[in-house]
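The values are calculated or read from the model by the stated rules, or taken from the named source; none is laboratory data. All of these numbers come straight from a predicted model, not from anything done at the bench. Cβ placement follows ideal geometry from the backbone for every residue including glycine, while neighbour counts extend to all protein chains displayed. We work out accessible area using only protein heavy atoms, side chains counted, and drop any ligands, DNA or RNA first. Shrake-Rupley method; radii C 1.70, N 1.55, O 1.52, S 1.80 Å.
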Amino acid sequence: MVLETQRLVMRPFTLDDEDIISELYGDSDIMMFMPCGRLTDEEIRAHTRQVVSDWDARPQMNYEMAVIAKADSRKIGRARIHMDYGNDTAMLGWLLVRSEWGKGYATEITRSLLGYCFDVMRVHRVCALCHPDNIGSWKVMEKCGLRREAHYVRKVKYLSDDGTHWEDELEYAMLDEEFRRM
């Protein structure tokens, strides 16, 4: 599976992509709104092996892709679809290196993932989650037509150097019929 947009290519992660995973998951600013927090080198190696092996799982639940800028072939992020086959639902996610924030790439990624989920995977519902303070993420979701369905209070346990703490979470979603009307 390879997805292309005007400026991006999204393709399955390989073991050679540990560099971009390290850049993303090792950056505390990028990981600020991720429950797992910044990963260690060992955790990054394990995560890389896991997301690569996920492509061989049957049924496949996790589709993690490297995001490549077409203009210069640089790896600039990751895109993800996680399937819940029992509920015919896909959950989207993305991360971008800091130098690429504010350039519209997250919107481009999200629109492409929505199209793939509804047109190819034929899901009933797509959702995405984010921390309420992650304004950039929820603005992308709204720009792409997802609607806020919930604000969960202290739902997610976040790990940090100081231990664990509970944080709120927003859930956005879109149904297939809503996608078709856009």
(request) Under 6 Å between Cβ atoms, at least 6 apart or on separate chains: pull out the pairs that start in the range 140-161 with a residue that is in contact (Cβ under 8 Å) with a residue 40 or more places away in the chain and end on any residue that is open to solvent by less than 100 Å² (accessible area, probe 1.4 Å) and part of a strand (DSSP E or B). (result) VAL156/GLU167; VAL156/GLU169; LYS157/THR164; TYR158/HIS165; TYR158/GLU167
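If I filter the range 150-165 down to residues being of a type outside the set (Ser, Thr, Tyr) and surrounded by 12 or more Cβ atoms within 10 Å (Cβ to Cβ), which single residue comes out as nearest to ARG38 (Cα to Cα)?
Among those that are of a type outside the set (Ser, Thr, Tyr) and surrounded by 12 or more Cβ atoms within 10 Å (Cβ to Cβ), it is LEU159.
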(message) All but one of (1) over 23 Å from ASP19 (Cβ atoms); (2) without any contact (Cβ under 8 Å) to a residue 60 or more places away in the chain; (3) open to solvent by 70 Å² or more (accessible area, probe 1.4 Å); (4) in a loop (DSSP other than H, G, I, E, B) hold for ASP133; state the number of the condition that does not hold.
(response) (2)
(request) Mind listing whichever residues of the range 22-81 are open to solvent by less than 20 Å² (accessible area, probe 1.4 Å), closer than 16 Å to GLU100 by Cβ and of a type in the set (A, V, I, L, M, F, W, C)? (result) LEU24, ILE30, MET31, MET65, ALA66, VAL67, ALA69, ILE76, ALA79
(request) Working only within the range 75-92, note down all residues that are in contact (Cβ under 8 Å) with a residue 12 or more places away in the chain and out of contact with any strand residue (DSSP E or B) (no Cβ under 8 Å at 6 or more places or on another chain). (result) TYR85
(message) Return the residues of the range 139-149 that are closer than 27 Å to SER28 by Cα, touching a strand residue (DSSP E or B) at 6+ places or on another chain (Cβ under 7 Å) and open to solvent by less than 50 Å² (accessible area, probe 1.4 Å); say none if nothing qualifies.
(response) MET141
(message) Can you report the number of residues in the range 1-37 which are closer than 26 Å to TYR116 by Cα and of a type in the set (Ser, Thr, Tyr)?
(response) 3
(message) Given the criterion free of Cβ contacts under 8 Å to residues at least 24 places away in the same chain and either within 24 Å of ALA173 (Cβ to Cβ) or assigned to a strand (DSSP E or B) (or both), identify the matching residue among ASP54, ASP72.
(response) ASP54
(message) Given the condition free of Cβ contacts under 8 Å to residues at least 40 places away in the same chain, hydrophobic (A, V, I, L, M, F, W, C) and touching a strand residue (DSSP E or B) at 6+ places or on another chain (Cβ under 7 Å), answer yes or no: does some residue in the range 109-120 qualify?
(response) yes
(request) Determine which member of the set LEU113, LEU170 is touching a Leu at 6+ places or on another chain (Cβ under 8 Å), more than 19 Å from ILE30 (Cα to Cα), aliphatic (A, V, I, L, M) and open to solvent by less than 10 Å² (accessible area, probe 1.4 Å). (result) LEU113
